[in-house]
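See below for the structure under consideration.
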Amino acid sequence: MSKNPATGKIKIMLICCFVLLGSLIVTPLAAYSNQSHSQSIILAPTGSSFDYIVTILMENNGYCEVITTCGGGGPYQTSLAAAYGLAGTCQSDSACSIGGYSAIDHPSEGNYVQLISGDDYGFTGDCGYCPARTSAANIIDRIEASGRTWDAWFEGGSGSGTCSAHPPRGGDHYAFITFTDIQTNAARCSHLLSTTASTDTQFLAELNSATPANYIWLTPTDSNNCHDTAMSFCDNYLKTLVPKILSSTLFTTKRAALWLQYDEGNDSYPHDFVYGSWSGPVVKTGYVGTGSYDHYSYLKTLEVVWGLSSLTSNDANANPMTEFFGATTPPVLSTAFTFSPSTPIVNLPVTFSSTTTGGASPYTISWNFGDGATGTGASLAHTFTGLQSYTVTETATDSSTPTQTATSAQTIPVVASLPLSTSFTFLPTNPTVSSPVSFTAVTTGGTLPYTISWNFGDSASATGATVTHTYATAQLLTVTETATDASSPKQIATATHTVVVSSSLTGNFDNTWYINNCPGGTETISNGVLQTRQSTPGGGSNSYGYCTGQRGTFPWGSTVGTALPSGITSVTVSFNFLSRSLLSGSRYHIYIALYYRIPSSTSGGTTYSWLDTQSRIENIGGTDSPIGTTDTYDPGDSFGWDIVTLQANPGQTGILTADATQLCQGDLAAWGLPANTQCTLAGIEIGTEGY
């Protein structure tokens, strides 16, 4: 605009003359269903409680630092717990509405000692490598006494299988070496094992061996267990490792359970809630535990399931987590499918997509297309070669034992071509008398080429996909567009719209307008007519010429001319485009600018109380911008937006229209402001600008 030549939009100049026409018409775990990871549920071969357990200890994160539904960063761990079992529903690291699993000590060492002995025995200072510190009884004593076997793995470190076993953090995260009857017993030391941190090759080999231990423990490195890394890192670590565990020979052929937990969180016992999740073939699916648990509950669960005697009063009095185990019945399997296009055409591919729920994933999907052809897969394409109706049947089979099967069938007519269909749009949407209206038809189906004819409702007609018509009187009319295709016999489709043509008031650039930068000579105002001779000063956007007429109030603080009357819904300008002489890199606009007051609004960190909009003719470097071209700009005091609504060449006459509602809505949408924002038209600027 002309308010400040050094800022805002690029300014442009033309050779033209204007007559103002102002249109003055008044218009007034189910809890975790949104997770992005899916899990394949492994069902137990027999029985309902475990003969084998794998335990993985993670580090230093509370419940809501893991579970994504309360702000955590562990989408894989969230999906794993949603698929199998999670200890409690918590709203923060210190508050749970259902159950929960609480750590006991800070820092780590005491928690690890408690998990395998029922007490921390005062070891709460993270001693590091301090082997054989106590002769207290531990879970290994009970496991061996019951005739069961065990192996305790640590990633990296040294001394695998010997009494010199040295995990990366010593006993802080691996309490087995803390107990004298383990660390000084060569037979037991053979079960203190190291596995490659990057692949866990040796650990996974045991799970796929013929004789895995009944009790298997894994301490990851401080990178993999979240001690030294972000949640996203260790979540990806588990996303890689856990599926290999659940698909191992141990978990697919035996009654095995995986217990995955964090050692401590961010609060104090008994409200230091951490992530604790059971998974595997003997674990209930989609289950949220209701009991209140802690590290001693881990021991109590082993003691109850395996019939072991307790180690201390702590584990003796703890709640066992047996609620997580038992037979579950998968939900009923159901399936349905869609196809595209909705009206298939002979000899053209049709895409089929199935949606299957319930049962146990993964699903096997098979198809019978009713023409002798079959297929498999959740999504696939098929081509029909005959003009008839086909019954397509999709069958889904799940992975539960026994398997469930569900079918879905639809009868699909195949046609030679799509039926002819047509519709049209028109701009402006609120036409005024003596202003051109552009009509555009959109036709599909049938056989090309199409013939498009128009009845404008005022006895005038036209042909062509895009036409322009000008109404002479204000009235309500029904416009009918008719499309005919080239098939034999021909298909015909019609579309109608009711068009309301409003009357307009004609005015001149009289003394109610402020004429800005239009001196005599190349630019003048004479008898209410804006006349300009293009001046192209050069110098790019920092040096341009302009001539404008302004009326009303503007965001830069000026009120010029006389106040605008209320109820203006559109402004039109009649112009005669005389001539132009373009320089390389030049631009020009003929424009109507409408300025609106709005309630103070913010977009992209910028807050304004004004909209600055333009309906324009635009030429850049000698090329007319296409109708419908839009752009946004920030002139420093308002949200700016423009749209090209007309094209014109020298020697032509025309009418440029600015629809008040359309420009308001276009500007709001372009800046992401609410569509129901109140726009109050305060100022109008009409002119030419360029360089």
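Things to note:
- Per-region count, segment 610-629, residues within 30 Å of the chain's Cα centre (by Cα) and in a strand (DSSP E or B): 1
- Qualifying positions in segment 282-306 - surrounded by fewer than 24 Cβ atoms within 10 Å (Cβ to Cβ) and part of a loop (DSSP other than H, G, I, E, B): 284, 285, 286, 290, 291
- Residue in segment 316-326 that is in a strand (DSSP E or B) and not hydrophobic (A, V, I, L, M, F, W, C) present: no
- Test for residue 204: is it buried (at least 16 other Cβ atoms within 10 Å of the Cβ) and over 23 Å from residue 234 (Cα atoms): no
Every residue, every condition in (1) at pLDDT below 95; (2) in a loop (DSSP other than H, G, I, E, B); (3) assigned by TED's automatic domain parsing to the domain that holds residue 571, yes or no:
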residue	(1), (2), (3)
372	no, yes, no
375	no, no, no
391	no, no, no
402	yes, yes, no
430	yes, yes, no
434	yes, yes, no
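- Residue under evaluation residue 179, criteria (1) surrounded by 20 or more Cβ atoms within 10 Å (Cβ to Cβ); (2) within 49 Å of the chain's Cα centre (by Cα); (3) at pLDDT 95 or above; (4) farther than 19 Å from residue 54 by Cβ, criterion not met: (2)
- Looking at 632, 661, 607, 657, just one residue is in a helix (DSSP H, G or I), outside the structural domain of residue 433 (by TED's automatic domain parsing) and not aliphatic (A, V, I, L, M), and that residue is 661.
- Checking residue 463 against (1) in the same structural domain as residue 488 (by TED's automatic domain parsing); (2) farther than 24 Å from residue 572 by Cα; (3) at pLDDT below 95, the condition it does not meet: (3)
- Counting only strands (runs of 3 or more DSSP E) that fall entirely inside segment 138-251 and contain at least 1 residues that are among the aliphatic types (A, V, I, L, M) and not assigned by TED's automatic domain parsing to the domain that holds residue 109, no element qualifies.
- The residue pairs whose first member lies in segment 56-75 and is under 22 Å from residue 106 (Cα atoms) and outside the structural domain of residue 223 (by TED's automatic domain parsing), whose second member is aromatic (Phe, Trp, Tyr) and at pLDDT below 95, and whose beta carbons are closer than 9 Å, counting only pairs six or more residues apart or on different chains, are 67/32.
- Residues in segment 393-412 that are under 15 Å from residue 366 (Cβ atoms) and aliphatic (A, V, I, L, M): 396, 406, 409.
- Complete set of residues in segment 307-320 that are touching a helix residue (DSSP H, G or I) at 6+ places or on another chain (Cβ under 9 Å) and either surrounded by 24 or more Cβ atoms within 10 Å (Cβ to Cβ) or farther than 22 Å from residue 174 by Cβ (or both): 309, 310, 315, 316, 317, 318, 319, 320
- Residue satisfying all of: in segment 83-131; surrounded by fewer than 16 Cβ atoms within 10 Å (Cβ to Cβ) and in a loop (DSSP other than H, G, I, E, B); nearest to the chain's Cα centre (by Cα) among these: 107
- Of the residues making up segment 583-602, one or more are more than 20 Å from residue 660 (Cα to Cα) and at pLDDT 90 or above.
- Segment 61-105: number of residues that are out of contact with any His (no Cβ under 6 Å at 6 or more places or on another chain) and either on the phi > 0 side of the Ramachandran plot or among the polar types (S, T, N, Q) (or both): 14
- Residue count for segment 664-691, restricted to those that are at pLDDT below 80 and assigned to a loop (DSSP other than H, G, I, E, B): 1.
- Among the candidates 268, 277, 310, residue that is assigned to a loop (DSSP other than H, G, I, E, B), farther than 21 Å from residue 147 by Cβ and polar (S, T, N, Q): 268
- Positions within segment 641-673 being over 17 Å from residue 434 (Cβ atoms) and touching a Ser or Thr at 6+ places or on another chain (Cβ under 6 Å), in sequence order: 641, 643, 644, 650, 660, 663, 667, 668, 670, 671, 672, 673
- Selection status of residue 620, out of contact with any Asp or Glu (no Cβ under 6 Å at 6 or more places or on another chain) and at pLDDT 95 or above: no
The values are calculated or read from the model by the stated rules, or taken from the named source; none is laboratory data. All values derive from a computational prediction rather than experimental measurement. Heads up, the Cβs are rebuilt from the backbone with ideal geometry, glycines too, and the neighbour counts pull from every protein chain shown.
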